[in-house]
Amino acid sequence: MDYLVIGDSCCDLTPELKADPHFKLIPLTLEIGSYTVVDDENFNQLDFLKRLNESTEGAKTACPSPEAFKTAFEDSDTDEIYVITISEHLSGSYQSAVVGLQMYEEDHPDSTKKIHIFNTKTATAGELYLCLSIQELKDAGKSYDEVVELIEEKISVQQIYFVLESLENLRKNGRLSAVKSFIATALNIKPIMTAIGGIIQKLDQQRGTNKAIKRMVQLAVDRAGGPEKTADMLLTIVHVNNPERAEFVKEELLKLAPFRRIVISNAMGVATVYAEESGIIISL
């Protein structure tokens, strides 16, 4: 095999990418109170959402160990490895990968493997976008150094946006006050969020999910430079157990601008924790 992409389980790969031997996921662990589950191929999204809704405690995530990354490097049969993790501002996954690489290099000083860990400054749909971009570049015959350079360039300009149906888990985790959560719920206010430098920020808000999605789509197209720029762009959409909403987002995007390629994927466990039922994330 000529290359391997190692991602954490916030990459939200499509079923096709999960089946592709060029991709390997190292799972985070999800926690709701005393209940713990590994975010791997056995993750049951519907069961987890049910537990999340019924719990008075917020769900949390725990990053993979450095040893998990080290083992993945050792087990790989390729000399060309790219590592994609969630933003270092949102999880310790990136740092675990960095330490895992240091451990690998200490134990294998004569290794010829080329391993690059990207500081993605993104998550979920943004990670999927980067994984697909690496696949496209390798399919086009790009070298290791070219892939690293081009992906770093994409990270510097990549955009991510999301609209959440529920703010309840954020409230349970203490990341949103009960008063703000109540007001937002009572008034059906949906914030439109982005991540700048890997740090989450609010761009706007609308009353009602459909209005928020339409505003998110407009902001995404405008901030990308308009239809003339988007025509050459890859765009990814990740949803939490709501494929119909993902298709609605795609339709709204295509009303405003063309895209070279649009890929839709259902969230794995990490994005399910933070975006909750029917959450939508896009990246371009």
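The values are calculated or read from the model by the stated rules, or taken from the named source; none is laboratory data. Only a predicted model underlies this, so the values are computations on that prediction, with no experimental measurement involved. Positions of Cβ are generated from backbone atoms using ideal geometry, with glycine treated the same way; all protein chains shown enter the neighbour counts.
Picking from residues in segment 53-78 that are of a type in the set (A, V, I, L, M) and over 14 Å from Ser111 (Cβ atoms), the one that is modelled with the lowest pLDDT is Ala59. So which residues in segment 34-50 are acidic (Asp, Glu) and in contact (Cβ under 8 Å) with a residue 60 or more places away in the chain? Passing the criteria: only Asp39.
Quick one: is Gly208 in contact with a strand residue (DSSP E or B) (Cβ under 8 Å, 6 or more places away or on another chain) and of a type in the set (Gly, Ala, Ser)?
Numbers: in contact with a strand residue (DSSP E or B) (Cβ under 8 Å, 6 or more places away or on another chain): yes; of a type in the set (Gly, Ala, Ser): yes.
Here the answer is yes, as Gly208 does meet what is asked.
Of the residues making up segment 91-100, those that are surrounded by fewer than 22 Cβ atoms within 10 Å (Cβ to Cβ) and either more than 17 Å from Pro27 (Cα to Cα) or under 17 Å from the mean Cα position of the chain (by Cα) (or both) are Ser91, Gly92, Gln95. The single condition among (1) surrounded by fewer than 18 Cβ atoms within 10 Å (Cβ to Cβ); (2) at pLDDT 95 or above that Glu127 does not satisfy is (1). Suppose we keep only residues that are out of contact with any Cys (no Cβ under 9 Å at 6 or more places or on another chain) and part of a loop (DSSP other than H, G, I, E, B) within segment 1-11. Which one would you say is surrounded by the most Cβ atoms within 10 Å (Cβ to Cβ)? For segment 1-11, the residue satisfying everything is Cys10. Considering only residues in segment 102-118 that are surrounded by 14 or more Cβ atoms within 10 Å (Cβ to Cβ) and farther than 13 Å from Ile26 by Cβ, the one that is nearest to the chain's Cα centre (by Cα) turns out to be Phe118.
Among the helices (runs of 4 or more DSSP H) confined wholly to segment 140-227, which include 2 or more residues that are modelled with pLDDT of 95 or more? Lay out the reasoning, then the answer.
Numbers: elements: 144-157, 168-172, 178-186, 209-224.
Hits in segment 140-227: 144-157, 209-224.
The one condition from (1) more than 27 Å from Ala224 (Cα to Cα); (2) in contact with a Ser or Thr (Cβ under 6 Å, 6 or more places away or on another chain) that Gly126 does not meet is (1).
What tally of residues in segment 97-136 results from selecting those that are of a type in the set (Gly, Ala, Ser) and assigned to a loop (DSSP other than H, G, I, E, B)? Spell out the reasoning first.
First pass over segment 97-136, keeping only residues of a type in the set (Gly, Ala, Ser): 97, 100, 111, 123, 125-126, 133.
Retained after the next criterion (residues that are assigned to a loop (DSSP other than H, G, I, E, B)): 111, 123.
Here the count works out to 2.
Candidates in segment 62-80 are the residues that are part of a helix (DSSP H, G or I) and either among the aliphatic types (A, V, I, L, M) or in contact with a Pro (Cβ under 6 Å, 6 or more places away or on another chain) (or both); of these, the one that is surrounded by the fewest Cβ atoms within 10 Å (Cβ to Cβ) is Ala68. Scanning segment 247-284 for residues that are surrounded by fewer than 21 Cβ atoms within 10 Å (Cβ to Cβ), among the aliphatic types (A, V, I, L, M) and outside any strand (DSSP E or B) turns up Leu254, Leu256.
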